[in-house]
1. Is it fair to say ALA41 is small (Gly, Ala, Ser) and either modelled with pLDDT of 95 or more or under 19 Å from the mean Cα position of the chain (by Cα) (or both)?
2. Filter the range 120-152 down to the residues that are closer than 23 Å to LEU174 by Cα and without any contact (Cβ under 8 Å) to a residue 12 or more places away in the chain and list them by number.
3. Can you pull out the residues in the range 287-340 that are at pLDDT 95 or above, in a loop (DSSP other than H, G, I, E, B) and crowded, with 17+ Cβ neighbours inside 10 Å?
4. At least 1 residues that are polar (S, T, N, Q) in each: list the helices (runs of 4 or more DSSP H) lying fully within the range 160-266 that qualify.
5. Can ARG38 be described as surrounded by fewer than 18 Cβ atoms within 10 Å (Cβ to Cβ), closer than 29 Å to TYR346 by Cα and among the basic types (Lys, Arg)?
6. Any idea which residue in the range 136-152 is nearest to ALA198 (Cα to Cα), counting only those that are of a type in the set (S, T, N, Q) and either surrounded by fewer than 18 Cβ atoms within 10 Å (Cβ to Cβ) or in contact with a helix residue (DSSP H, G or I) (Cβ under 8 Å, 6 or more places away or on another chain) (or both)?
7. Pairs under 9 Å by beta carbon, first residue touching a residue at least 60 places away in the same chain (Cβ under 8 Å) in the range 211-239, partner surrounded by fewer than 22 Cβ atoms within 10 Å (Cβ to Cβ) and among the acidic types (Asp, Glu), six or more apart or different chains?
8. Going by the conditions given, is VAL278 part of a loop (DSSP other than H, G, I, E, B), closer than 27 Å to ALA219 by Cβ and either touching a residue at least 24 places away in the same chain (Cβ under 8 Å) or of a type in the set (S, T, N, Q) (or both)?
Amino acid sequence: MMSLENRVLSGARISEKDALGLFSLSVSTLGALGDFRRCEAVPHDRVGYIVDRIINYTNRCVARCDFCAFHAEAGSLPAYDLGVDEILSKVEELAANGGTQVMLQGGLHPSHDLSWYLELLTAVKNAFPNLYLHSFSPAEIVHIASRETLSYGELIGRMQAAGLDSIPGASDILVDAIRERVSPRKCTRNQWREVMRAIKENNMVSSATLTYGMGETLAERIEHLRFVRDVQDETGVFQAFIPWSFSPSNTRMAEIVPAGGTDYLQTVAVSRIVLDNVPHLQAGWLTEGPELAQLALSMGADDMGGVLTEELVVQATGISNRLTVPAIEDLIRNAGKVPVRRDSRYRQWVDHGTEK
């Protein structure tokens, strides 16, 4: 019988049982296997990054998830709403600094209707037609569609016509038993899958994430990965996968002991091996810190995500990691890789006809 290591090296698809077994391997062995699979998916030593901005336009959210320190009722921050003009000012700052991607993200707002979102998208795209709007989330799509009695496909189509380019696949953890415990007012995993189908219907792309360390078992973590793989088999919409650990400070789950660095590196490698149909895997420097993210580049990750000029949700938990373009490029080079600034579709960024 072929050993687990040889099954990974053969390129075979890994079962949930085998994926669970991967966590029993030494970190060095697992990392080598993760990097092998990374080489199969992305056969070079280039590591991408993008200059973008997350604009958290509100912290009013009827979901009130236990794992979130950002929503107004968590008590960390006063409630606020940004107006369209305030948002445009922030986008202008990004454009002036050479940024290329905007992530508009809020909660499940209690009163914003579809016209508000369409006005916002139209205003941003009209003012900055060359910026890419990678915005909102599946939970927001489900919430807005329910309020407006629209199908997910119809809603996404109207947002796309107003200027939306793609939708991040913020997944939390796609195990309903966990979701019912920590975020019962958010979309179910089947609703999340239906949003991905609607994204495909509108010829758009997305991503998938994993927030782990919320009391789930390793088997449930693997269940999440298998579900993402199944949805990707069906839709092909995921450009990248981003795992990160839960930050319990200032949340209603503050008693949970945060996951450690070894757990993160194992999860990166296992994610790369299981998700054989998702091309890119981001190292989570924002939540894990620059040094751990750098190590992830030898465990299966091939992208450092965004050089964020603003981010508030993770900050609400007390984490304040920040990176500049020179700093992120130094991290990549010191990992023995080649930094490549990219665009939102994971292509090498081009400015004025010259590759950077």
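The values are calculated or read from the model by the stated rules, or taken from the named source; none is laboratory data. Keep in mind it's a predicted model, so treat the numbers as computed, not measured. Here Cβ is always computed from backbone atoms with ideal geometry, including for glycine, and neighbour counts include all displayed protein chains.
1. The answer is yes for ALA41.
2. If the condition is that a residue be closer than 23 Å to LEU174 by Cα and without any contact (Cβ under 8 Å) to a residue 12 or more places away in the chain, then ALA145, SER146 are the ones that fit.
3. If the condition is that a residue be at pLDDT 95 or above, in a loop (DSSP other than H, G, I, E, B) and crowded, with 17+ Cβ neighbours inside 10 Å, then LEU297, SER298, MET299, GLY300, ALA301, ASP302, ALA335, LYS337 are the ones that fit.
4. Details: elements: 176-182, 189-201, 218-235.
Those helices (runs of 4 or more DSSP H) span 189-201, 218-235.
5. No.
6. SER151
7. Cβ pairs passing all conditions: MET214/ASP66; ALA219/GLU16; ILE222/GLU16; GLU223/GLU16; GLU223/GLU216; LEU225/GLU16; ARG226/GLU16.
8. So VAL278 passes the test.
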